[in-house]
1. Straight distance only, please: which aspartates and glutamates reach the Cα of Lys113 with their own Cα at less than 14 Å, same-chain residues fewer than 8 apart left out?
2. Given points 7 Å out from each Cα along the Cα-Cβ axis, report the Cys37 to Ile92 separation in nanometres with one decimal.
3. Return the distance in nm (one decimal) between the two label points of a simple spin-label model at Gln153 and Asp84, each offset 7 Å from Cα along Cα→Cβ.
4. How large is log10 I(q)/I(0) at q = 0.10, 0.13, 0.17 Å⁻¹ when the Debye formula is applied to the Cα atoms of the stretch 68-223, each weighted equally and without solvent?
5. So if each residue of separation counts as 0.36 nm, and I subtract the Cα-Cα distance between Cys51 and Val111, what length gain in nm does that give?
6. Explain nothing, just compute: Karplus ³J(HN,Hα) = 6.51 cos²θ - 1.76 cosθ + 1.60, θ = phi - 60°, for every residue of the stretch 75-91 in order, whole Hz, x for Gly and Pro.
7. What does the charge add up to near Glu154, with Lys and Arg as +1, Asp and Glu as -1, over the other residues with Cβ less than 12 Å from its Cβ?
8. Mind listing the phi-derived Karplus ³J(HN,Hα) values for the stretch 211-223, rounded to whole Hz, using 6.51, -1.76 and 1.60 with θ = phi - 60°, and x for any glycine or proline?
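Computed from the coordinates by the stated procedures, all read-outs in this text should not be read as laboratory data. Treat the numbers as computed from the prediction; the structure is a model and nothing was measured. Reconstructed Cβ throughout: ideal geometry from the backbone, glycine too, with neighbour counts over all protein chains shown.
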Amino acid sequence: MKKNIQLLFGLLIIILVFSSCSGSSSEGETTEEIDACTLLECQENASVVDCACVCDEGYLGEDCTDLDVAFTQKYLNDGISPFDLLDANIPIDSVYGKVFQDGIIFKLNTVSKIVKVTAITDSPETLNWPEAIDYCEAFEVNDYTDWYLPDLQELGEIRTKLYAELKVGDFNDDFYWSSETQDSDPNNAMAVFFLNGNVGPIEKARVNPVSYNHVRPVRSIEE
């Protein structure tokens, strides 16, 4: 009886040793297969998934170079130029209203390769015109310091594209200062009423609530 127990114990040890040396994983992969997966190198914008190269999120096609329009903001966050997106067949209307270099895109000049963005929020309070100029010149976001008060054309483009069409940017239904002085009276500057698009002169520095308007700085980025 004692001999039988010893024999069974010896067989059990042999089975355990054989199993540990079989080289198979819990999923049936050999050590060589696991090593091959580890050494597998994928092209740019792809990663190893189940021992195969799979396109990363937002990238499509056999070589993972096609872009998915649904990920336009992700590409901009990753530092891809808006014009590179257009070259990759992302529609221009999908780029407008997106955030690039801490501003909202409202204009793309495809000839001069200039991107125009406006600040994400208004000034904390309404300002008179000299204060608006100073606010924009001192404005800084993440080391971007080249902000300025928009001219009438830029302000109109912001209103049309962001406020009226895309409804992004949290703009007010009120007057916004432009950088332009009224031709007939240098004491007045031009402002745009965003609710209906009307343009009119307002006294620059009168101490009166009527002379205090919203301010939204802009930047011009040359790619």
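1. Correct list for Lys113: Asp84, Asp87, Glu222, Glu223.
2. About 4.7 nm, to one decimal.
3. Between Gln153 and Asp84, the simple spin-label model gives 2.9 nm.
4. With no solvent term, the Cα-only Debye profile gives -0.36, -0.59, -0.95.
5. Extra length from Cys51 to Val111 when fully extended: 17.1 nm.
6. Those phi angles translate into 4, 5, 4, 7, x, 6, 5, x, 6, 5, 5, 5, 5, 8, 6, 6, x Hz.
7. Its environment carries a net charge of +3.
8. My calculation for the stretch 211-223 gives 8, 10, 10, 6, 9, 9, x, 9, 10, 10, 10, 8, 8 Hz in order.
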